[in-house]
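What follows is calculated from the coordinates using simple rules that are stated; it is not laboratory data. Being a predicted model, the structure only gives us computed values, none of them experimental. Backbone-built Cβ (ideal geometry, glycine too); neighbour counts: all protein chains shown.
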Amino acid sequence: MSGTSSPFAEILADENLSVSAIDHCLDRIELRDRTIQAWAHLDPDLAREQAAARDAEPRRSALHGIPVGLKDIIDTEDQPTGYGSELWAGWRPDRDAEVVRRLRRDGAVVLGKTTTTEFATYRPTATRNPHRLGHTPGGSSSGSAAAVADGQVPLALGTQTAGSVLRPGSFCGVFTLKPTYGRWPFDGVLPVALTFDTVGGFARHPAWLGALDEALATDGVHAPHSVVLPALQDMRVGVLRPPWADRATPAAAALLETFSASMRSSVSEVRDIEVPAALGDLDDAHTLIMAAEASAALSERIHRPHPARVSDQLHAFLHGGRSAPASEIQHAREVLRLARAFVDRALGEVDLLLTLAAPGEAPAGLASTGDPVFNKLASVSGKPAVGLPAGRGVHGLPLGIQLIGPAHADQALVRVATCLTDRIGLAARPELLEETEGE
């Protein structure tokens, strides 16, 4: 596949592609992961065995023989799935999640399970940001973002309920795709709030996100409807101006202006789109509905007989969802309805929406995974979004941009991201990854 970043580009030329790629990943993990701590489970012998089998077969797809990391809420028959909780440590599902089945069908090799926050909610992991160890990689897909950013695996899957693909991708400086809601199957993945839950991807180049979508959006017989966007030079882009814009750092706000200005030479029109003041409650509304649904979805998981316990933070979050008055739930659902209607109207006026992927650089410390407010329009509306590493903040850490498109314009979005990567010079910048060793 074109557009693959070094060192994996060299590996692709090897006739033993998969074994070489697995060995490269395992060597990198051995060198770095005592520091980064991105993996919840690895089985090197199993990975090498599956890689050798892939090398002995005809190529099935662009993903044939490619190592993939999986967030540890995605079921795997041959590896444990622990949900980021001591309650489920070592538990082995009896079948693969459907996204895993499709990856294996297309010849991908599951390298291992990456870390996640507790039940994909808020309690952070020990995973560190490869660009600066004292900063969060984001959550809840912490390990997937960090492992890809550090060059430990070329591709990984995570999930997004609020901002858990786009935000950690921004913090760690990698490309991400939060696909159209329901486009990638969720069977066999831990549900948190199914109104929003979406499997997403992390990669070091956007072309790989297109390959993931080709594999995961089809059941082997039928492919979903795809929306075609205009050619880049004919596109109309709307820059979102939301009520929560003041939560962006000055450096992130400046990046948005610089990026939107740079797009003017590539597209036909760039215009501002005001997000209605009525959506100022979107962050709180989304959080309340997420808590209400999570309190039901996780009830059996957290009451499993076990000497370990769940965190006070998770108990408080779920209690808030259970105890919310009906009037508050109704108001929150009305705000979500207004948000979906706004995004639909906006995408009737322009082809793509442009906003930040996170409020700024990854925050210092590991006690918080950061603020998902800029991701919630994509999560609530169910529209596809790509995250692009587009700059650096005042502390030298990555800053990200987000493009939101119409439902099922996923492949077109990836192509736009690929064009912008080439024209504007975006990159995951692997040369920076060694600079954290002395921190």
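Lysine pairs in the chain whose alpha-carbon atoms fall under 17 angstrom of each other, counting only those eight or more residues apart or on distinct chains, come to 4. By its C-alpha gyration tensor, with a ≥ b ≥ c as the square roots of the eigenvalues, how is the stretch 168-222 shaped: rounded for a/c under 1.5, else prolate for a/b larger than b/c, else oblate? It comes out oblate by the Cα gyration axes. With 0.36 nm allotted per residue and the present C-alpha distance subtracted, the S266-E30 stretch has 80.7 nm of extension available. In this structure, the amide hydrogen of L399, modeled 1.01 Å from its nitrogen in the peptide plane, lies closer than 5 angstrom to those of A390, G391, R392, G393, counting only residues at least 5 positions away or on a different chain. Stretched out straight at 0.36 nm per residue, the stretch from D246 to Q313 would grow longer than its current Cα-Cα span by 21.4 nm. Taking one equal scatterer on every alpha-carbon of the chain, how large is log10 of I(q)/I(0) by Debye at q = 0.08, 0.10, 0.13 1/Å? Calculated log10 I(q)/I(0) at the listed q: -0.40, -0.63, -1.12. Basic side chains Lys and Arg get +1 at the Cβ, acidic Asp and Glu get -1 at the Cβ, and with that the dipole of the chain about its Cα centre reaches some 660 debye. Here r is the Cβ-Cβ distance between S61 and H303 and R0 is 45 Å; the resulting FRET efficiency, rounded to 0.05, is 0.65.
Just checking the listed ones, G182, G200, G370: in the Gaussian network model of the chain with Cα springs under 10 Å, the one fluctuating most is G182. Over the residues of the chain, the helix contribution to mean residue ellipticity at 222 nm works out to -11000 deg cm²/dmol, using -39500 (n - 2.57) for each DSSP H run of at least 4. Remark: the stretch 326-333, residue by residue, has Karplus-estimated 3J(HN,Hα) of 4, 5, 5, 4, 5, 4, 4, 5 Hz, where x stands for each Gly or Pro and the curve is 6.51 cos²θ - 1.76 cosθ + 1.60 at θ = phi - 60°. Rounded to the nearest 20 debye, the dipole magnitude of the stretch 43-104 is 360 debye, with +1 charges on Lys and Arg beta carbons, -1 on Asp and Glu beta carbons, and the Cα centre as origin.
For the chain, averaging the sequence separation of C-alpha pairs within contact (under 8 Å, six or more residues apart) and dividing by the residue count gives a relative contact order of 19 percent. By the count of neighbouring beta-carbon atoms within 10 Å, fewest first, F119, F171 end up ordered F119, F171.
Projecting the Cα positions of F196, A211, A296 onto the charge dipole of the stretch 195-302 (unit charges on Cβ atoms of Lys, Arg, Asp and Glu, taken about the Cα centre) puts A211 furthest along the positive direction.
Restricting attention to the chain, close to 60% of DSSP beta bridges with both partner residues there are antiparallel. Using C-alpha pairs below 8 Å separated by at least 6 residues, the relative contact order for the stretch 48-121 is 39 percent. Sorting T116, T198 from the fewest to the most surrounding beta carbons within 10 angstrom yields T198, T116. Spatially, the stretch 25-76 and the stretch 270-325 are offset by 32 Å when compared through their Cα centroids.
Across the stretch 151-163, rounded Karplus estimates of 3J(HN,Hα) from the backbone phi angles (6.51 cos²θ - 1.76 cosθ + 1.60, θ = phi - 60°) give x, 7, 7, x, 9, 8, 9, x, 9, 10, 10, 10, x Hz, Gly and Pro being marked x. Contact order, relative form, for the stretch 176-233: 35 percent (alpha carbon pairs under 8 Å, 6 or more residues apart, mean separation divided by residue count).
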